[in-house]
Amino acid sequence: MAGLTYLKSVVTLELSADQCTGCRMCTTVCPHDVFVIKEKRARIVNRDACMECGACAQNCPGDAISVRSGLCGCASIFIRGQKHGRMTRYFFRMWGYEV
Amino acid sequence: MIVFGIFTFESSRKATQEMDTQSCRDNELQKNQECCCRAEMKKPDVPTNGIKHGLRKGKQEDGQHWIAGYVDTPVGRIPRIETTLQFKDRLGSWKARWSIGRMDYAVDPGLYAVGDPDPKSPVFVSANYKMSFDVLRSHLKGMSAWVLVLDTKGINVWCAAGKGTFGTDEIVNRIQQTGLSEVISHRTIIVPQLGAPGVSAHRVKEQSGYRVIYGPVRASDIPPFVENHFKTTPEMRIVQFGLIDRLVLTPIEIVSWGRRMFWGKHGLVLILMLLLVSGLDRSGFALKKVLILGPEALLMYAAAFLCGTFFTPLLLPWLPGRALSVKGAFLGLLVVLGVGWYRWGAPGGLGVKVNILAWLFLLPTISSFIAVTFVGATTYTSLSGVFKEMKRAVPAYIATTIIGVVLLVFGQFA
Ligand code: SF4
Ligand code: SF4
């Protein structure tokens, strides 16, 4: 939606055009209009709007899309190995978030 | 508060009709959660086969009101559901949003009928969160269709899809368990697009022979979608995060953060500490000072709470910055600057000024922290973005908290 885009240039969305069959599934499932089909191939046009929900990767029959998905932001903010992951985890635990 | 309650009741009603994105935190108040929606924690229930129906956990009597008769099919009697929401349903949604008395707001998984469906009627797939189910059925008015309710452990489509409970396996499973193939002659199911992160259309096809069509994001688009020969238009596929969508998420923020900051265990300790600190004095501790400064401190504390839980979500698009932590901190800063402008010259000398400075650090920290946790509920934030944000925000929080607390204590002796 207009006015609400999250941080710039952070998303892990990757598309390998060779594997794309142009089936349009990604454009159908993406809730943020990230793809267009041009010359029978998918293209990323709206990268920063991607919320890494993973719908496109799940539904791409050619396995052309990869994205580290984490729809439930609160669940996985604190994956181990992330810088300050532990500290953040602790913080949230303190507040009763089980993460 | 009452007015706000009624307001959210009304808008909750509207949102119930609009979209099925609900805060993950919706189920967060429940114990033993893994994530905020506790989806992983709950043990799988004994699968129901579409014959046993009604709300779980002894709520049978008020759980049945949306069943209006039965339809005979080759697999037995299938309940026919009402498409008009009753006051009870709205009240239930409203209570769920405020987390009142709700532990298991779920519908039994299985197959249901709408109108007078025949083997050619379309099949709509839903989660078994009662609100998701209500949203769907209220938009099937006048249609004849089947509704296949998956077992998502009482979690809404959006969150369940993120965990995979609303997913390929469950769809394939549920199709078999309900004997759907004997009831209908076609092999197409309509899955809400918000479930797509958990569902892989081509795998469903491989494993069950069913073709998945993704329906619109908002249930209110279902009638035009059906008219459009089961094709979504681009507008139907975009997730919005409008004022109403945000507003209906605020009650759960208020309740869950209220518990942490006020009436929960941690909350009471924090408040007690705040009051103790406000009584500190050169002579040690003065009860009189608690009575004067205590309420002021609590007001600042409450302001931080309201900034984070209510005003940040509400004003989201208009707050500066992209990061939620910045948006939350900005509001907090505004409040302190406002208070500071008003109170800076107040009698009390240095103590007052240091106190304001302390809140200049503390209040934005609290409101920013609450705002960050709203990422679980938004429909546009990415995980990688959250990582990046937290990497910067957490060290800042620690620093500002320490500085703020030191100043707060120091101000008492100044
Ligand atoms: S879903 Fe995959 S194969 Fe289909 S158009 Fe998109 S990228 Fe190409
Ligand atoms: S991950 Fe989700 S938001 Fe991002 S491109 Fe894929 S479908 Fe769109």
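Determine which single condition B:Ile155 fails, assuming it passes every other condition in (1) surrounded by fewer than 24 Cβ atoms within 10 Å (Cβ to Cβ); (2) within 22 Å of A:Ser69 (Cα to Cα); (3) at pLDDT below 90. Status for B:Ile155: all satisfied but (1). In this structure, B:Lys353 does not satisfy being open to solvent by 20 Å² or more (accessible area, probe 1.4 Å), at the interface with another protein chain (Cβ under 9 Å from one of its Cβ atoms) and either at pLDDT below 85 or farther than 22 Å from B:Arg322 by Cβ (or both). Regarding B:Ala396, is this residue within 26 Å of B:Thr250 (Cβ to Cβ), among the aliphatic types (A, V, I, L, M), part of a helix (DSSP H, G or I) and open to solvent by 40 Å² or more (accessible area, probe 1.4 Å)? Judged against the criteria, B:Ala396 is a match.
Yes or no, residue by residue, for (1) more than 8 Å from every other protein chain (Cβ to nearest Cβ); (2) surrounded by fewer than 19 Cβ atoms within 10 Å (Cβ to Cβ); (3) under 18 Å from A:Thr27 (Cβ atoms); (4) among the aromatic types (Phe, Trp, Tyr):
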| residue | (1), (2), (3), (4) |
| --- | --- |
| B:Gly195 | yes, no, yes, no |
| B:Gly198 | no, no, no, no |
| B:Ser208 | yes, no, no, no |
| B:Val212 | yes, no, yes, no |
| B:Ser220 | yes, yes, no, no |
| B:Asn228 | yes, yes, yes, no |
| B:Lys231 | yes, yes, yes, no |
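Say we look at the stretch A:41-58 and pick out the residues that are within 13 Å of ligand 1 (Cβ to nearest atom), within 7 Å of another protein chain (Cβ to nearest Cβ) and open to solvent by less than 40 Å² (accessible area, probe 1.4 Å); which of these is farthest from B:Ala323 (Cα to Cα)?
Among those that are within 13 Å of ligand 1 (Cβ to nearest atom), within 7 Å of another protein chain (Cβ to nearest Cβ) and open to solvent by less than 40 Å² (accessible area, probe 1.4 Å), it is A:Ala55.
Restricting the first member to the stretch A:19-36 and to residues that are facing another protein chain (nearest Cβ under 9 Å) and on the phi > 0 side of the Ramachandran plot, and the second to residues that are more than 12 Å from ligand 2 (Cβ to nearest atom) and at pLDDT below 90, the beta-carbon pairs closer than 9 Å and six or more apart or on different chains are A:Asp33/B:Pro234.
Residues are listed down the side, and each one gets a yes or a no for (1) closer than 30 Å to B:Gln240 by Cα; (2) without any contact (Cβ under 8 Å) to a residue 40 or more places away in the chain:
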{"residue": "B:Gly348", "(1), (2)": "no, yes"}
{"residue": "B:Ala358", "(1), (2)": "no, no"}
{"residue": "B:Ser367", "(1), (2)": "yes, no"}
{"residue": "B:Val386", "(1), (2)": "yes, yes"}
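Scanning the stretch A:23-40 for residues that are more than 12 Å from ligand 2 (Cβ to nearest atom) and surrounded by 15 or more Cβ atoms within 10 Å (Cβ to Cβ) returns a single hit, A:Cys23.
Quick check, is B:Lys95 closer than 21 Å to B:Ala377 by Cβ and open to solvent by 60 Å² or more (accessible area, probe 1.4 Å)?
Details: closer than 21 Å to B:Ala377 by Cβ: yes; open to solvent by 60 Å² or more (accessible area, probe 1.4 Å): yes.
Yes.
What do you reckon, is B:Phe361 in contact with a strand residue (DSSP E or B) (Cβ under 8 Å, 6 or more places away or on another chain), open to solvent by 20 Å² or more (accessible area, probe 1.4 Å) and more than 12 Å from chain A (Cβ to nearest Cβ)? Judged against the criteria, B:Phe361 is not a match. Taking the stretch B:188-256 and the helices (runs of 4 or more DSSP H) fully enclosed by it, the elements with 2 or more residues that are touching a Leu at 6+ places or on another chain (Cβ under 7 Å) and not hydroxyl-bearing (Ser, Thr, Tyr) are at B:243-247. Scanning the stretch A:6-22 for residues that are buried (at least 17 other Cβ atoms within 10 Å of the Cβ) and part of a loop (DSSP other than H, G, I, E, B) yields A:Tyr6, A:Leu7, A:Val10, A:Val11, A:Leu13, A:Cys20.
Residue count for the stretch B:124-157 satisfying the condition of being of a type in the set (Val, Ile, Thr) and either assigned to a helix (DSSP H, G or I) or not assigned by TED's automatic domain parsing to the domain that holds B:Thr83 (or both): 2. Considering (1) surrounded by fewer than 17 Cβ atoms within 10 Å (Cβ to Cβ); (2) farther than 21 Å from A:Val34 by Cα; (3) without any contact (Cβ under 8 Å) to a residue 40 or more places away in the chain, the lone condition that B:Glu235 does not fulfil carries the number (2).
Let me confirm something: among B:Leu272, B:Leu291, B:Leu280, B:Leu268, which residue is more than 16 Å from B:Ile370 (Cα to Cα) and buried (at least 19 other Cβ atoms within 10 Å of the Cβ)?
B:Leu280 is the lone residue from the list that is more than 16 Å from B:Ile370 (Cα to Cα) and buried (at least 19 other Cβ atoms within 10 Å of the Cβ).
As a summary of the residue check, B:Ile403 satisfies the conditions (1) in a helix (DSSP H, G or I); (2) within 14 Å of chain A (Cβ to nearest Cβ); (3) surrounded by fewer than 24 Cβ atoms within 10 Å (Cβ to Cβ) except for the one numbered (2).
The values are calculated or read from the model by the stated rules, or taken from the named source; none is laboratory data. Quick caveat: nothing in here was measured; it's all calculated off a predicted structure. All Cβ positions, glycine included, derive from the backbone under ideal geometry; neighbour counts span all protein chains shown. Ligands, DNA and RNA are excluded from the accessible area calculation, which covers all protein heavy atoms including side chains. Shrake-Rupley method; radii C 1.70, N 1.55, O 1.52, S 1.80 Å.
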